[in-house]
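Encoded as structure tokens, the structure appears first; notes follow it.
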Amino acid sequence: MTRDPAATAKTLSEALPYLQRYAGAIVVVKFGGNAMGDEAAMAEFARDIVLMRQVGVNPVVVHGGGPMINDLLARLGIKSEFVRGKRVTDKATVEVVEMVLTGLVNKRIVQAIMDEGGRAVGLSGKDDDMMVCEADDPELGFVGKPVEMNVQVLRDLFSAGIIPVVAPVATGMNENETFNVNGDTAAGAIAGALKADRLLLLTDVAGVKNAAGEVMTQLTPEEVRQMTDDGVIAGGMIPKTETALAALDQGVRAVVILDGRVPNACLLELFTDQGAGSMIRTTEPRVKPREA
């Protein structure tokens, strides 16, 4: 397909207020879902992250890796127990989780960003005690809830022009403890500790839908709570919206639950008036040119 140079130039011109708006902003992106297993989708995501950094945004990528963990557990013959539908993460399981997330998945994303011309460093919540956890539910074993965040290492990487890629594995309050942390939860905790301008939760759905099945582009925390009480927000969307509300409480300016299957979803959300999902925030959106 031949691209129209004039249309490309017009798009860049229209993006100017948004580029000015997000210059120097911290944007935490939770990456997961189907795109992680698709090389073309991974490369496109990496290109978007590199572009964000190129125009002055400070992105942090936080990733999951559930399917890869399940695959390796099966290959190693480690059987999982479940309590109320949730996997019990015992010592053997958390060792596999750490191997997959901090090794295989983390370094794939780092390499994809490097391949697109960016600079990236892979970390986990263990590095520099970035994320310290306690057990979220003792019955579930080593599933962690962040209780202490130390994010200076991320600010140091921003200063060096490096994109941090964080695996949601954390240390505990006791020696030699390792916790598996839900990827959304980890992204929310990191965004809150950084007082990020945006937390983007990439999913495999179009966003938060109302009772009529329509995607809501703007929501307040009060609307989210009411829709949850009414059963409109249900299932897998509940933990995502809970993460969003917790992040807002910690000082994040806005959280967007967006469809990671949409090409260039992050760029659409940040640099166009179209957006790509459901924004949850307590105030009206603000886009204004940089003051002289």
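With the requirement that a residue be open to solvent by 50 Å² or more (accessible area, probe 1.4 Å) and part of a strand (DSSP E or B), what does region 197-241 give you?
Listed by number, the residues that qualify are Lys209, Val215, Gln218.
Can you name the residue in region 164-196 that is surrounded by fewer than 24 Cβ atoms within 10 Å (Cβ to Cβ) and among the hydrophobic types (A, V, I, L, M, F, W, C) and is also nearest to Ile113 (Cα to Cα) among such residues?
Within region 164-196, the match that is nearest to Ile113 (Cα to Cα) is Leu194.
Yes or no: Leu157 touching a residue at least 24 places away in the same chain (Cβ under 8 Å) and in a strand (DSSP E or B)?
No: the conditions fail for Leu157.
Given the conditions (1) of a type outside the set (Lys, Arg); (2) part of a helix (DSSP H, G or I); (3) in contact with a strand residue (DSSP E or B) (Cβ under 9 Å, 6 or more places away or on another chain), and given that Gly24 satisfies all but one, which numbered condition is not satisfied?
For Gly24, the failing item is (2).
Give the residue that is surrounded by the fewest Cβ atoms within 10 Å (Cβ to Cβ), with candidates limited to residues of region 111-123 that are in contact with a helix residue (DSSP H, G or I) (Cβ under 6 Å, 6 or more places away or on another chain) and in a helix (DSSP H, G or I).
Going through the qualifying residues, I end up with Ala112.
Taking Pro17 and the conditions (1) within 25 Å of Leu268 (Cα to Cα); (2) open to solvent by 50 Å² or more (accessible area, probe 1.4 Å); (3) not charged (D, E, K, R), which numbered condition does it fall short on, given that it satisfies the others?
Among (1) within 25 Å of Leu268 (Cα to Cα); (2) open to solvent by 50 Å² or more (accessible area, probe 1.4 Å); (3) not charged (D, E, K, R), Pro17 violates only (2).
Applying the selection to region 124-166, what residues are within 18 Å of the chain's Cα centre (by Cα) and hydroxyl-bearing (Ser, Thr, Tyr)?
Matches in region 124-166: Ser124 only.
Is it the case that region 257-270 has a residue that's in a loop (DSSP other than H, G, I, E, B), open to solvent by 10 Å² or more (accessible area, probe 1.4 Å) and farther than 19 Å from Asp48 by Cα?
no
Look through region 69-83, keep the residues that are in contact (Cβ under 8 Å) with a residue 24 or more places away in the chain and surrounded by fewer than 20 Cβ atoms within 10 Å (Cβ to Cβ), and return whichever of them is nearest to Leu270 (Cα to Cα).
Leu72
May I ask you to list the residues in region 124-135 that are open to solvent by 40 Å² or more (accessible area, probe 1.4 Å) and in a loop (DSSP other than H, G, I, E, B)?
Lys126 - this is the single residue of region 124-135 that is open to solvent by 40 Å² or more (accessible area, probe 1.4 Å) and in a loop (DSSP other than H, G, I, E, B).
Among (1) in a helix (DSSP H, G or I); (2) open to solvent by less than 50 Å² (accessible area, probe 1.4 Å); (3) over 28 Å from Ala41 (Cα atoms), where does Gly251 come up short?
Only one criterion is unmet by Gly251, namely (1).
Does Ile113 count as in contact with a Ser or Thr (Cβ under 7 Å, 6 or more places away or on another chain) and aliphatic (A, V, I, L, M)? Steps first, answer last, please.
Details: in contact with a Ser or Thr (Cβ under 7 Å, 6 or more places away or on another chain): no; aliphatic (A, V, I, L, M): yes.
Taking the combined requirement at face value, the residue does not satisfy it.
Take residues that are touching a strand residue (DSSP E or B) at 6+ places or on another chain (Cβ under 6 Å) and modelled with pLDDT of 95 or more and tell me which of the helices (runs of 4 or more DSSP H) falling wholly in region 32-110 contain 2 or more.
Once the helices (runs of 4 or more DSSP H) in region 32-110 are filtered for at least 2 residues that are touching a strand residue (DSSP E or B) at 6+ places or on another chain (Cβ under 6 Å) and modelled with pLDDT of 95 or more, what remains is 39-54.
Go through region 144-155 and report how many residues are within 18 Å of Ala246 (Cα to Cα), in contact with a strand residue (DSSP E or B) (Cβ under 7 Å, 6 or more places away or on another chain) and open to solvent by less than 30 Å² (accessible area, probe 1.4 Å).
Residues flagged as within 18 Å of Ala246 (Cα to Cα), in contact with a strand residue (DSSP E or B) (Cβ under 7 Å, 6 or more places away or on another chain) and open to solvent by less than 30 Å² (accessible area, probe 1.4 Å) within region 144-155 amount to 1.
Condition check: in contact with a helix residue (DSSP H, G or I) (Cβ under 9 Å, 6 or more places away or on another chain) and either within 19 Å of Gly275 (Cβ to Cβ) or of a type in the set (D, E, K, R) (or both). Does Lys10 satisfy that? Quick ask: steps written out before the conclusion?
Working: in contact with a helix residue (DSSP H, G or I) (Cβ under 9 Å, 6 or more places away or on another chain): no; either within 19 Å of Gly275 (Cβ to Cβ) or of a type in the set (D, E, K, R) (or both): yes.
Taking the combined requirement at face value, the residue does not satisfy it.
Would you mind finding the one in Val169, Val208, Val215 that is in contact with a Leu (Cβ under 7 Å, 6 or more places away or on another chain) and over 16 Å from Gly32 (Cβ atoms)?
Val208
Considering (1) at pLDDT below 95; (2) under 28 Å from Phe158 (Cβ atoms), say which one Gly213 fails and leave the rest.
All conditions pass for Gly213, except number (2).
The values are calculated or read from the model by the stated rules, or taken from the named source; none is laboratory data. Because the structure is predicted, anything quoted here is derived from the model rather than measured. Heads up, the Cβs are rebuilt from the backbone with ideal geometry, glycines too, and the neighbour counts pull from every protein chain shown. Protein only, heavy atoms only, side chains kept; ligands, DNA and RNA dropped before computing areas. Shrake-Rupley method; radii C 1.70, N 1.55, O 1.52, S 1.80 Å.
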